[in-house]
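J.: Questions regarding the structure given below will be posed in turn.
The values are calculated or read from the model by the stated rules, or taken from the named source; none is laboratory data. Nothing here was measured: the structure is a model prediction, and the numbers come from that model. Cβ atoms come from the backbone with ideal geometry, glycine included; neighbour counts cover every protein chain shown.
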Amino acid sequence: MSFSLLAQGVLLTHLPDTPSRPLIYGFGYTFGFLIVVLGRQQLFTENTITVVLPIIADFTLGNVKTLARMWAVVFLANMVGAFAAALFLTHAPIVKPEVLGAMLTISNHMLDNDSWTMLSKGIGAGFLVAAMVWIIPSAEGAKFSVILSITYLIAIAEFGHIVVGSVKAFLSILNGDSGVWQIFTGFTVSVLAGNIIGGTLLVSVISYAQVKEEM
């Protein structure tokens with residue numbers, strides 16, 4: 001998912017400072033999602049619908065524990081990957097200083113939001129990612145376009161995604177622009193809750209209503 005931020009940083013570095021610039025470098029945000037979703041890797045926000053529908057159908061303590069265990073494993077693995085990527089981008093000579101500066105600009109802009117705004121934007125991203133997962137099985141040959149269009153909307157609307165956002169947050173911490181506690185309380189808790197609310201409560205309930213008779 002770090003390639004989303006990297007692609008945005010590269011595009012931002014080479015674009016003139018015009019009002020339409022965010023609409024162009026926003027395309028970079030789609031790269032990470034295309035790699036992860038088409039590559040069938042585990043992304044936390046994808047699991048806010050796929051594994052929740054069976055829980056709604058058969059709500060038991062055992063199923064809830066299984067859901068919590070899966071969420072915890074996938075989330076922690078995503079966070080380890082996000083931190084490793086931010087560490088590599090910061091200390092390895094992989095990007096030019098101006099590109100790293102552009103990535104930090106994007107990251108710190110995201111972190112300027114207050115907790116309520118983070119939560120709200122997290123709900124928007126959670127809903128859209130879960131909707132994408134719901135659409136993909138019936139998209140057939142249009143999977144690329146579905147992923148591209150929905151994640152591009154997340155980018156230009158400046159919605160908050162916990163995994164991509166964590167790469168930005170870790171990058172900001174490692175470069176001395178933010179503190180760990182500030183990130184945890186102001187970003188991680190709010191965006192994670194928003195993604196779960198948007199993906200689970202909204203989309204899963206709506207989706208379950210459509211398929212409960214078949215299930």
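J.: So which residues in the stretch 136-165 are touching a residue at least 40 places away in the same chain (Cβ under 8 Å) and aromatic (Phe, Trp, Tyr), if there are any at all?
T.: Residues satisfying the conditions are PHE144, TYR152.
J.: Of all residues in the stretch 84-132 being of a type in the set (Asp, Glu) and outside any helix (DSSP H, G or I), which is surrounded by the fewest Cβ atoms within 10 Å (Cβ to Cβ)?
T.: Our first condition is that a residue be of a type in the set (Asp, Glu); within the stretch 84-132, this holds for 98, 112, 114.
When the remaining residues are screened for being outside any helix (DSSP H, G or I), the result is 112, 114.
Numbers: ASP112: 8, ASP114: 10.
Within the stretch 84-132, the match that is surrounded by the fewest Cβ atoms within 10 Å (Cβ to Cβ) is ASP112.
J.: Does PRO16 fit the bill of being at pLDDT 85 or above and surrounded by fewer than 12 Cβ atoms within 10 Å (Cβ to Cβ)?
T.: On the way: at pLDDT 85 or above: yes; surrounded by fewer than 12 Cβ atoms within 10 Å (Cβ to Cβ): yes.
The answer is yes for PRO16.
J.: Could we say that LEU104 is out of contact with any Gly (no Cβ under 6 Å at 6 or more places or on another chain) and either under 22 Å from GLY186 (Cα atoms) or in contact (Cβ under 8 Å) with a residue 24 or more places away in the chain (or both) here?
T.: On the way: out of contact with any Gly (no Cβ under 6 Å at 6 or more places or on another chain): yes; either under 22 Å from GLY186 (Cα atoms) or in contact (Cβ under 8 Å) with a residue 24 or more places away in the chain (or both): yes.
Here the answer is yes, as LEU104 does meet what is asked.
J.: So, of the residues in the stretch 54-83 that are without any contact (Cβ under 8 Å) to a residue 60 or more places away in the chain and small (Gly, Ala, Ser), which turns out to be surrounded by the fewest Cβ atoms within 10 Å (Cβ to Cβ)?
T.: Going through the qualifying residues, I end up with GLY62.
J.: Looking at ILE196 and the list (1) free of Cβ contacts under 8 Å to residues at least 12 places away in the same chain; (2) part of a helix (DSSP H, G or I), which single condition is not satisfied?
T.: Every condition holds for ILE196 apart from (1).
Rundown of residues vs (1) at pLDDT 95 or above; (2) polar (S, T, N, Q); (3) touching a Lys or Arg at 6+ places or on another chain (Cβ under 8 Å), yes/no style:
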position	(1), (2), (3)
MET132	no, no, no
ALA142	no, no, no
LEU153	yes, no, no
PHE159	yes, no, yes
SER178	no, yes, no
GLN182	no, yes, no
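J.: Sticking with this structure for a sec: Which numbered condition in (1) assigned to a helix (DSSP H, G or I); (2) within 20 Å of ILE197 (Cβ to Cβ) is the only one that PHE27 fails?
T.: Evaluating PHE27 over (1) assigned to a helix (DSSP H, G or I); (2) within 20 Å of ILE197 (Cβ to Cβ) leaves (2) as the failure.
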